[in-house]
Structure formats: C-alpha cells, structure tokens
Amino acid sequence: MGLRVSVDPDECVGHGRCYEIAPDVFRADDHGHSVVISAHVADALADVARQAAAACPEEAIAISER
Amino acid sequence: MSQYDAKAESKAGFNPFDTAVAQNPHAHFKRLRDEAPVSGSPPPFQNFVLSRYEDVRWALKHPELFSSSADAVPIGQDRPLIPLQIDPPEHAKYRRLLDPLFSPKALSVMEDDARKLVNEIIDRFVDDETVDFHAAFAVPVPCTLFLRLMGLPQDHLEQFLTWKDQILRADAGLDDPIENHKASAAIRRDTGKAIYEYFAAAIAARRQDPTDDMLTYLVNAEIEGRRLTDEEVLDVCFLFILAGLDTVTASLDCMMARLAGHAEERRALVEDPSLTVGAVEELLRHETPVTGILRVTTEPVVRHDVEMKEHAIVTCLLHAANMDEREFPDPETVDFRREPNRHIALGAGPHRCLGSHLARLELRVALEEFHRRIPDYALVPGVTLEYTAGIRQVSPLPLVIRPAGTVGGGN
Ligand code: HEM
Ligand code: SF4
C-alpha cells in the first residue's frame, strides 16, 4: 500500500493549509503555492498526507492509492 | 423558478449586518442555510445572500459569474483597489507580484521581530489589574507590525490609527442625515488624500534610497517587464491599510473574547502552546471575523431555483458557511484539533486573502506570547460584550488579568 499525491496548480491559490499540516509531503514555493516534495508518499506519512489533502479549501490536491 | 423568492425572504429575511444579529449570529445563519440558501431582498434592489458552505465556495471560485469589481464594494476610492477589485485574468498578474512578499518564506524572517514587538506591547499593561484588550493589544499589534514590514517609523503609529478609523468609520456626527453623509464622505476623501501624500513621499524616498523593506520591493517590482507606477504602489499600500489592520484586530478580539469566556479552552492553550496553530484555525472558523464579502453578478445566475439577475449584489456569508453542518460536523463545538477544517474565513478562490500567512503569523505569535505572559485572565464580571457587525471587533473588551508567576495565577 502506498499513496500518490499531486497538486493542481490551476486550483491551488496558496492557502498553505497543506504544507502547514504535512510539511514533509508538501512545501511552499516562493509564491506560497504548494509543491509536492515527492509524489510517492512514504507509508509513515500517508495519514498526514490525507489530512492535508482534506484540509485544502480549493480541493486542489489529488490522492490515489497505488 | 422565481426571480425573487418572497417566501424565503419572509421566512428567513434579515440583515446579516444588523447590530442585533451580530451579537448572536449563529441561530440566524442556521435558519438562512436551512430555509433560504439563496435569500433575496425585494426588488428593485436585487440583493442576495448565500449562506451554505458549498454555495459560498462555488461563488468565490467562479469570478467570471461573481465579479469583485468596484461595483460590488463602493468605498469612495477613485481607482480600483489592487488586487481586491480586479477580476481574473488581470488579477493574476498582480498576485504573482504580491504573493512572494507575503509567502510563508518571506515572512519567516519577521517572526522574531514580531515576538519582540508583541512583548513590548504586553509590557505596557502587564502589571495592571484590568486591561481593555481591544485598545491596549488588538489595535496596536497589527499596526505596529505593518509599520515594521513597510519600514515606516513606529512613532507614526497614532497617525496611522487615526487615518484608518477616518477611512473605515468616517462619521461627521451631524444631525441632518444627508448633510452628515456629505460631510462624512468629505472626511474620507481628505483622509484618502493625506494617506496618498504620505505614501507618495515614502515611495519617492525609496526610489532615491532603497532599503530592505516591503515598500522598496514594491517600488522595484516589475509586472510584465515594467515597473509599477507610483499610483499602483499607492493603491497597494492603501489596500494593506484597509485589509490588513482591522481584520487582525477583529480576529484578536473575537478569539480572546471566546477564550476569556471558556476557561477550559484557555487552559488547554496555556498547558500546550503547540495547540495554538490549530486554535487559530478553529477560532477563525467559529468566530469568522470577516462576516461576509460582496460580489456582483456578471450575468443572470440560477442557484437553488432562485434567479439572481445580472448586476445583482451578492453577499457571500463566510461566517454562515463556516458554521454549516453540511461541511463541519458539530459546528458549534470549538475543537482545536478539528480535522478536516476547510474553513473559508480568509476567503477562497483567486481573491483568497493575500495576507493570510501574515495574519496567521500575527495571530499565532500574539496568542502564544499573551498566554505565556498572562496565563490567567477572565472577562471583567458583569460586562456585556458588543460585537461590531461586518468586521467583528469587540470594543471595549475588558479583562481581569493575572500575569505568570503571580500567586494563585496560572490555574
Ligand atoms: C485574520 C485577519 C484577516 C482576515 C480574517 C482576512 C480576510 C480576508 C478575506 C475574507 C479576503 C477575501 C476578500 C474577497 O474575496 O472579497 C481577504 C482578501 C485580502 N486580504 Fe485579508 N484578511 C486578514 C488579514 C489580512 C492581512 C494582515 C493583510 C495584509 C496585507 C490582508 C490583505 C488582503 C488583501 C490584499 C486581500 C485581497 C486579495 C485579492 O483580492 O487578491 N489581509 N482577506
Ligand atoms: S491547501 Fe490547497 S490551495 Fe492551499 S497551498 Fe495547499 S494545495 Fe494550495
């Protein structure tokens, strides 16, 4: 079991909820928009990655189990 | 389908910005969401109110239908406020320029200074028995930090507070309502001119003599290969004053009023300061200091079988949306660990608060330092708090305080 995450740059407006909640999965670019650190999320970070995706008011984060 | 839902109006029609509603808005908001999710006011005014989370978010994410142009928020300025009153796609150009200024990375260098300035403000009243939190803390904190960010001298604080109040709350105090309206508008105009002149001088100084502050950045910034004009820099500064001061003051007021009335929540923060991040989000949601924001329709829009005509003014009630049980289970409960918490107290879509990371930093540092220095406080017994409608300030907010280390304190 593992997780893939991606951020849709057209939807992300930089609320910063994701990288506040999951700084090991997402980071902020210079504009405060979200960048995925690694598309494949380590198992230990899967829960926090899901929390972060759920917290995005723009629903900009896609998650898929692989 | 009806153009104007008279039934909805009579069932749940109320003015969300009414002072009486502002004291206890949650029950009103629930009725609105349940009975009239698109609530209209009678023609010919054609004003509408959206109150459910999904509807408000949808409207804010569709600027092509719900425009932020100056028609929506006429506050007497000559030019549109940048970026608030510019619609996409033009809007994105300005945000690309401004976002880096307010990114978490850019602001992180400010945290130590913010902590120091906040503590200097606490020093002024920490030995008193009671304090008006609003006047002594919530008002000076954002203004002090704004001056620091802009590289303007701290002794201009009083001048700034006066200007801000004259723009946002100009009232000439005349008996005749029409004369009073005219005179108040004149005060706003004169103040606007004074602010523009002040910043024009500061901008000229930065062009001559660049320093390491936000004004210098703005002056040197380029948009599509050209420098910003003085007018554009001025417009941005003006908006910071309008958007970045009272909002933080109101947030601090609402948050501390809540905590002062709920000792168990206050104690949780004192015992575990790491909860502050979650507390800021949850209190932003529960209190939603900016009650609602305005849009104007660009074409007829239908939602829940109600037609909003072209050029209708639409209030997106952020506070009602943030209390919507369709999105937030048990919305009345304040839970610093609530998850997920997709609140939209800072807006949503392209106009999402530009200063959100600054606001969060200010609120977190302010709450952390206040609770570290003054772990024990309560409302002065017998006072009834009054919330301003719209931007929810609480003035006065009288607290009995007991600083850390006092006998019997810190319980
Ligand atoms: C907790 C405090 C704050 C709250 C609750 C708040 C709330 C909001 C909201 C709801 C919006 C969306 C307006 C709309 O879509 O019509 C907004 C936009 C904005 N805010 Fe804030 N704000 C806060 C602090 C700040 C600060 C500190 C600044 C600093 C400069 C700021 C600057 C702005 C600007 C420039 C916009 C317009 C952005 C755009 O149109 O692209 N705000 N704010
Ligand atoms: S929470 Fe959503 S909108 Fe905000 S930075 Fe993350 S992905 Fe972007």
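The values are calculated or read from the model by the stated rules, or taken from the named source; none is laboratory data. Note that this is a predicted model, so its numbers are computed, not measured. Every residue, glycine as well, gets a Cβ built from its backbone with ideal geometry; the counts of neighbours run over all protein chains shown.
Conditions tested, residue by residue: (1) within 16 Å of ligand 1 (Cβ to nearest atom); (2) over 17 Å from B:W58 (Cβ atoms); (3) touching a strand residue (DSSP E or B) at 6+ places or on another chain (Cβ under 8 Å).
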position: B:I293; (1), (2), (3): yes, no, yes
position: B:T297; (1), (2), (3): yes, no, yes
position: B:M323; (1), (2), (3): yes, yes, no
position: B:E327; (1), (2), (3): no, no, no
position: B:V334; (1), (2), (3): no, yes, no
position: B:E339; (1), (2), (3): no, yes, no
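Tell me whether the stretch A:50-66 contains one or more residues that are on the phi < 0 side of the Ramachandran plot, without any contact (Cβ under 8 Å) to a residue 12 or more places away in the chain and buried (at least 17 other Cβ atoms within 10 Å of the Cβ).
Of all residues in the stretch A:50-66, those on the phi < 0 side of the Ramachandran plot come to A:50-58, A:60-66.
Right, trim to without any contact (Cβ under 8 Å) to a residue 12 or more places away in the chain and you get A:54.
Next, from what is left, pick out any that are buried (at least 17 other Cβ atoms within 10 Å of the Cβ): A:54.
The answer is yes; a qualifying residue exists.
What about B:L346, is it within 13 Å of another protein chain (Cβ to nearest Cβ), closer than 23 Å to B:I86 by Cβ and away from ligand 2 (no atom under 16 Å from the Cβ)? Against the criterion (within 13 Å of another protein chain (Cβ to nearest Cβ), closer than 23 Å to B:I86 by Cβ and away from ligand 2 (no atom under 16 Å from the Cβ)), B:L346 does not qualify. As a summary of the residue check, B:L318 satisfies the conditions (1) over 20 Å from the mean Cα position of the chain (by Cα); (2) within 14 Å of chain A (Cβ to nearest Cβ); (3) of a type in the set (A, V, I, L, M) except for the one numbered (1).
So, in the stretch A:54-66, of the ones that are among the small types (G, A, S) and within 12 Å of ligand 2 (Cβ to nearest atom), which residue ends up nearest to B:W58 (Cα to Cα)? First the steps, then the outcome.
Kept after step one, since they are among the small types (G, A, S), are these residues of the stretch A:54-66: A:54-55, A:60, A:62, A:64.
Narrowing the set further to residues that are within 12 Å of ligand 2 (Cβ to nearest atom) leaves A:54-55, A:60, A:62.
On the way: A:A54: 17, A:A55: 17, A:A60: 14, A:A62: 19 Å.
Selected residue: A:A60.
Within the stretch A:23-53, the only residue that satisfies the criterion of being more than 10 Å from ligand 2 (Cβ to nearest atom), closer than 21 Å to B:S356 by Cβ and at pLDDT below 90 is A:D30.
Touching a residue at least 60 places away in the same chain (Cβ under 8 Å), farther than 19 Å from B:S356 by Cα and in a loop (DSSP other than H, G, I, E, B) - does that describe any residue in the stretch B:279-297? Within the stretch B:279-297 (the criterion being touching a residue at least 60 places away in the same chain (Cβ under 8 Å), farther than 19 Å from B:S356 by Cα and in a loop (DSSP other than H, G, I, E, B)), the answer is no, since none of the residues qualifies.
Please specify each residue of the stretch A:12-34 satisfying the condition of being farther than 17 Å from B:S108 by Cα and within 16 Å of ligand 1 (Cβ to nearest atom). A:C12, A:V13 - these are the residues of the stretch A:12-34 that are farther than 17 Å from B:S108 by Cα and within 16 Å of ligand 1 (Cβ to nearest atom).
Filtering the stretch B:122-164 to residues that are of a type in the set (G, A, S) and touching a residue at least 60 places away in the same chain (Cβ under 8 Å) leaves B:A135, B:A138, B:G151.
Looking only at the stretch A:23-34, residues that are within 10 Å of the chain's Cα centre (by Cα), surrounded by 24 or more Cβ atoms within 10 Å (Cβ to Cβ) and not aliphatic (A, V, I, L, M) come to 2 in all.
I need the full set of residues from the stretch A:7-22 which are surrounded by 14 or more Cβ atoms within 10 Å (Cβ to Cβ) and either at positive phi or more than 10 Å from ligand 2 (Cβ to nearest atom) (or both), in order please.
Of everything in the stretch A:7-22, those that are surrounded by 14 or more Cβ atoms within 10 Å (Cβ to Cβ) and either at positive phi or more than 10 Å from ligand 2 (Cβ to nearest atom) (or both) turn out to be A:G14, A:G16.
The conditions of being within 16 Å of ligand 2 (Cβ to nearest atom), within 24 Å of B:V139 (Cα to Cα) and either of a type outside the set (S, T, N, Q) or within 14 Å of another protein chain (Cβ to nearest Cβ) (or both) are not met by B:V290.
Residue by residue, here is whether (1) small (G, A, S); (2) surrounded by 23 or more Cβ atoms within 10 Å (Cβ to Cβ); (3) part of a loop (DSSP other than H, G, I, E, B); (4) touching a Pro at 6+ places or on another chain (Cβ under 7 Å) holds:
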{"position": "B:E325", "(1), (2), (3), (4)": "no, no, yes, yes"}
{"position": "B:F328", "(1), (2), (3), (4)": "no, no, yes, no"}
{"position": "B:R342", "(1), (2), (3), (4)": "no, no, yes, yes"}
{"position": "B:G347", "(1), (2), (3), (4)": "yes, no, yes, no"}
{"position": "B:L358", "(1), (2), (3), (4)": "no, yes, no, no"}
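Taken over the stretch B:351-361, the criterion of being away from ligand 2 (no atom under 11 Å from the Cβ) and either aliphatic (A, V, I, L, M) or facing chain A (nearest Cβ under 7 Å) (or both) is satisfied by B:L354, B:L358, B:A359, B:L361.
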